[in-house]
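Undergrad: Next up is a structure, given as structure tokens.
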Amino acid sequence: MRIVFMGTPDFAVPTLEALVHAAHEVVCVYTQPPRRSGRGKKLQPTPVHQAAERLGIEVRHPASLKSQEEKDAFAALEADIGVVAAYGLILPQAVLDAPTHGCLNVHASILPRWRGAAPIQRAILAGDTGTGVTIMQMEAGLDTGPMLATVRTPIEGKTAGELTDELAQKGAQLMVGTLRDLAIHIPVAQDDAEATHAPKIDKAEARLNWTQDAVQVERQVRAFTPWPGAFFEYEGQRVKVLAAEVTEGSGKPGTVLDDALSVACGTGALHLTRVQRAGKPAMDTQDFQRGRAIPQGANLS
């Protein structure tokens, strides 16, 4: 098929690569504009931009698709279908309608649960036992379009990073299969009554809330690994928590209960197993405590 691909982060790259490997003609890639990052604040192209250049595909990165000029440029590509994966820009109706078969989206949840920007993190925070990928026919609403295919996977203690990588691969293969069998897929309408919203992650959410149950605090750690990184503060310094496990113990929430960095929560305790001081390498707690240790009885905020 003649495809226009639209995506931005690492999650979208496997789908782009799978479409090319499946011998589809990806005539153009749309992605978000380069942004300044790193210590030098240099403009960095998105992961999808970099992948498209490696594959020799034309890249466009408009800041918006709302202008008539952009709509016309998109329509002029005469695509059979648009494939979208975590693009991050709103598609006007004219763009959705331009390809012969419209636009399909790779969404990282089993819709209608977790419509929105952060479905993976929200599923972990909510304690969902499983999640997956939905291939959806796009329409004007936020992830409201009819579903063409799904694939499921258990969460089983995975971090957001691990789950993102897994769902990126599953979504890529599911999209290839959906396009192969497009003529026989029957769109299934979503039940809006069962919908939940997955709003964008605010960095402030990553501060560990020790007043919660230890199970919920451990979910925070997994949901915000690797980004933005779950953290606490001690003596004015931020410390990221990269891994943790629920353990027995009790005390005032935020109090360190032992030399192994078990911390009291609202109910139960959390043993921090891998941590990282600002500007320092990540390390296992045992090694961390051999250096500038956080002592038993300390209070973490």
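Undergrad: For the range 93-114, how many residues meet the condition of being part of a loop (DSSP other than H, G, I, E, B) and open to solvent by 20 Å² or more (accessible area, probe 1.4 Å)?
TA: Initially, the range 93-114 is screened for residues part of a loop (DSSP other than H, G, I, E, B), giving 98-102, 108-114.
Applying the additional criterion that residues be open to solvent by 20 Å² or more (accessible area, probe 1.4 Å) yields 98, 100-101, 110, 113-114.
Matching residues across the range 93-114 total 6.
Undergrad: Within 28 Å of the chain's Cα centre (by Cα) and either in a loop (DSSP other than H, G, I, E, B) or under 30 Å from Met147 (Cβ atoms) (or both): which single residue out of Pro226, Pro295, Pro253 fits that description? First the steps, then the outcome.
TA: Working: Pro295 fails: within 28 Å of the chain's Cα centre (by Cα); Pro253 fails: within 28 Å of the chain's Cα centre (by Cα).
On inspection, the qualifying residue turns out to be Pro226.
Undergrad: Now for a different question. Of all the residues that make up the range 173-195, how many are in a helix (DSSP H, G or I) and of a type in the set (S, T, N, Q)?
TA: We begin by selecting, within the range 173-195, every residue in a helix (DSSP H, G or I); these are 173-180, 182-184, 192-194.
Subset that is of a type in the set (S, T, N, Q): 173, 178.
Adding up the residues that qualify gives 2.
Undergrad: Scan the range 1-30 residue by residue and report those that are assigned to a loop (DSSP other than H, G, I, E, B), of a type outside the set (A, V, I, L, M) and within 16 Å of Leu104 (Cα to Cα).
TA: Within the range 1-30, the first condition is being assigned to a loop (DSSP other than H, G, I, E, B), and the residues that meet it are 1, 8-9, 22-24.
Narrowing the set further to residues that are of a type outside the set (A, V, I, L, M) leaves 8-9, 24.
Hits for the range 1-30 are Thr8, His24.
Undergrad: Between Ala293, Ala264, Ala282, Ala278, which is out of contact with any His (no Cβ under 6 Å at 6 or more places or on another chain), among the small types (Gly, Ala, Ser) and open to solvent by less than 10 Å² (accessible area, probe 1.4 Å)? Walk me through it before giving the result.
TA: Numbers: Ala293 fails: open to solvent by less than 10 Å² (accessible area, probe 1.4 Å); Ala282 fails: open to solvent by less than 10 Å² (accessible area, probe 1.4 Å); Ala278 fails: open to solvent by less than 10 Å² (accessible area, probe 1.4 Å).
Being out of contact with any His (no Cβ under 6 Å at 6 or more places or on another chain), among the small types (Gly, Ala, Ser) and open to solvent by less than 10 Å² (accessible area, probe 1.4 Å) holds for just one of Ala293, Ala264, Ala282, Ala278, which is Ala264.
Undergrad: While we're here: With respect to Ala168, determine if the residue is part of a helix (DSSP H, G or I), open to solvent by 20 Å² or more (accessible area, probe 1.4 Å) and not charged (D, E, K, R). Can you show your working first?
TA: Details: part of a helix (DSSP H, G or I): yes; open to solvent by 20 Å² or more (accessible area, probe 1.4 Å): no; not charged (D, E, K, R): yes.
No.
Undergrad: Here's something else I'd like to know. Across the range 125-142, what is the number of residues that are part of a loop (DSSP other than H, G, I, E, B) and within 22 Å of Ile184 (Cα to Cα)?
TA: Kept after step one, since they are part of a loop (DSSP other than H, G, I, E, B), are these residues of the range 125-142: 126-129, 138-142.
Retained after the next criterion (residues that are within 22 Å of Ile184 (Cα to Cα)): 138-139.
Going through the range 125-142 one residue at a time, the tally reaches 2.
Undergrad: Going by the structure shown, is Ala278 at pLDDT below 95 and closer than 20 Å to Lys203 by Cα?
TA: Working: at pLDDT below 95: yes; closer than 20 Å to Lys203 by Cα: yes.
Considered against the rule, which asks whether it is at pLDDT below 95 and closer than 20 Å to Lys203 by Cα, Ala278 comes out as yes.
Undergrad: Looking for something in a helix (DSSP H, G or I), among the charged types (D, E, K, R) and exposed (fewer than 13 other Cβ atoms within 10 Å of the Cβ) - is there at least one such residue anywhere in the range 52-67? Show your work before the answer.
TA: Our first condition is that a residue be in a helix (DSSP H, G or I); within the range 52-67, this holds for 52-54.
From what is left, the residues that are among the charged types (D, E, K, R) are 53-54.
Add one more test, that the residue is exposed (fewer than 13 other Cβ atoms within 10 Å of the Cβ), and what stays is 54.
The answer is yes; a qualifying residue exists.
Undergrad: Same structure again: Determine whether Ala79 is of a type in the set (A, V, I, L, M), crowded, with 17+ Cβ neighbours inside 10 Å, touching a Phe, Trp or Tyr at 6+ places or on another chain (Cβ under 6 Å) and more than 16 Å from Ala168 (Cα to Cα). Reasoning before the result, please.
TA: Working: of a type in the set (A, V, I, L, M): yes; crowded, with 17+ Cβ neighbours inside 10 Å: yes; touching a Phe, Trp or Tyr at 6+ places or on another chain (Cβ under 6 Å): no; more than 16 Å from Ala168 (Cα to Cα): yes.
No: the conditions fail for Ala79.
Undergrad: Please find, among Ala214, Ala243, the residue that is of a type in the set (Gly, Ala, Ser), open to solvent by 20 Å² or more (accessible area, probe 1.4 Å) and more than 15 Å from Asp202 (Cα to Cα). Break it down stepwise before answering.
TA: Numbers: Ala214 fails: open to solvent by 20 Å² or more (accessible area, probe 1.4 Å).
Step by step, each of Ala214, Ala243 is checked, and only Ala243 is of a type in the set (Gly, Ala, Ser), open to solvent by 20 Å² or more (accessible area, probe 1.4 Å) and more than 15 Å from Asp202 (Cα to Cα).
The values are calculated or read from the model by the stated rules, or taken from the named source; none is laboratory data. None of these values were measured; they are calculated from a predicted model. Backbone-built Cβ (ideal geometry, glycine too); neighbour counts: all protein chains shown. Heavy atoms of the whole protein, side chains included, go into the accessibility calculation; ligands, DNA and RNA do not. Shrake-Rupley method; radii C 1.70, N 1.55, O 1.52, S 1.80 Å.
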